[in-house]
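Take this structure first; my questions come after.
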Amino acid sequence: MTSKPKKPKLEHSELSGEFTDDGVTVLVDIFRPAGTNADWRMEVITPEEDLIEWEEPFATDREAFDEFLATVARDGIRSFFDEADPAIH
């Protein structure tokens, strides 16, 4: 009998969570494999469950969150909804 490979456990940043701007709320998830010093990955999930992923990892969770804030400041939070296809940043 073969078993399915287990999904690696993830460590989620304390900076992860809901973020609301301009009346719109998204979920920001910043994570890395648990128990490692690996780079952080970031995803934004819209209420419609669209998933926006950043291709490049971040050295720290703070760098990831700062990039999210910079994207919102530059393009607006609604930019996560305006894509016809799921966005990759």
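For segment 1-57, run through the trypsin sites (Lys or Arg not before Pro) and keep only the ones in DSSP coil with at most 15 other Cβ atoms within 10 Å of their Cβ.
Counting only loop positions with at most 15 other Cβ atoms within 10 Å, the trypsin sites (Lys or Arg not before Pro) in segment 1-57 are 6, 9.
Per residue, how much accessible surface does the chain expose to a 1.4 Å probe? Answer in Å², no decimals.
The answer is 70 Å² per residue.
Work out, step by step, the length gained on full extension between residue 27 and residue 55: first 0.36 nm times the residue separation, then minus their alpha carbon distance; give nm to one decimal.
This chain segment gains 8.3 nm when fully extended.
Got a sec? Charge dipole of segment 10-75, +1 on Cβ for Lys and Arg, -1 for Asp and Glu; which of 34, 58, 71 is way out at the positive end?
The listed residue farthest towards the positive side: 34.
Among (i) 1.82; (ii) 1.18; (iii) 1.40, find the value of Cα Rg over 2.2 N^0.38 Å that was calculated from the structure presented, and write down its label.
(ii)
Accessible surface of residue 22 in the full protein assembly, 1.4 angstrom probe, to the nearest 10 Å²?
100
Report the gain in length on full extension from residue 34 to residue 67: 0.36 nm times residue separation, minus Cα-Cα distance, nm rounded to one decimal.
Using 0.36 nm per residue and subtracting the Cα-Cα distance, I get 9.7 nm.
Shifting gears a bit: Across segment 33-38, in residue order, what do the Karplus-derived ³J(HN,Hα) couplings come to in whole Hz, using 6.51 cos²θ - 1.76 cosθ + 1.60 with θ = phi - 60° and x for Gly and Pro?
Those phi angles translate into x, 5, x, 10, 10, 5 Hz.
For segment 10-75, which whole-number percentage of the solvent-accessible area (1.4 Å probe, protein heavy atoms only) is attributable to carbon and sulfur atoms?
45
If you don't mind, there's one more thing I want to ask. Using each residue's phi in segment 6-14, evaluate 6.51 cos²θ - 1.76 cosθ + 1.60 at θ = phi - 60° and report the 3J(HN,Hα) Karplus result to the nearest Hz, with x for Gly and Pro.
6, 5, x, 6, 10, 9, 9, 5, 5
Here is a follow-up. So what's the angle, to the nearest 10 degrees on a 0 to 90 scale, between helix 61-75 and the longest Cα principal axis of the chain?
30
Suppose every K and R has +1 on its Cβ and every D and E has -1 on its Cβ; what is the size of the dipole of the chain about the Cα centre, in Debye to the nearest 20?
Dipole about the Cα centre, nearest 20: 660 debye.
The values are calculated or read from the model by the stated rules, or taken from the named source; none is laboratory data. Everything quoted here is computed from the prediction, not taken from an experiment. Note that each Cβ is placed from the backbone with ideal geometry, even for glycine, and that neighbours are counted across all protein chains shown. For accessibility, only protein heavy atoms count, side chains too; no ligands or nucleic acids. Shrake-Rupley method; radii C 1.70, N 1.55, O 1.52, S 1.80 Å.
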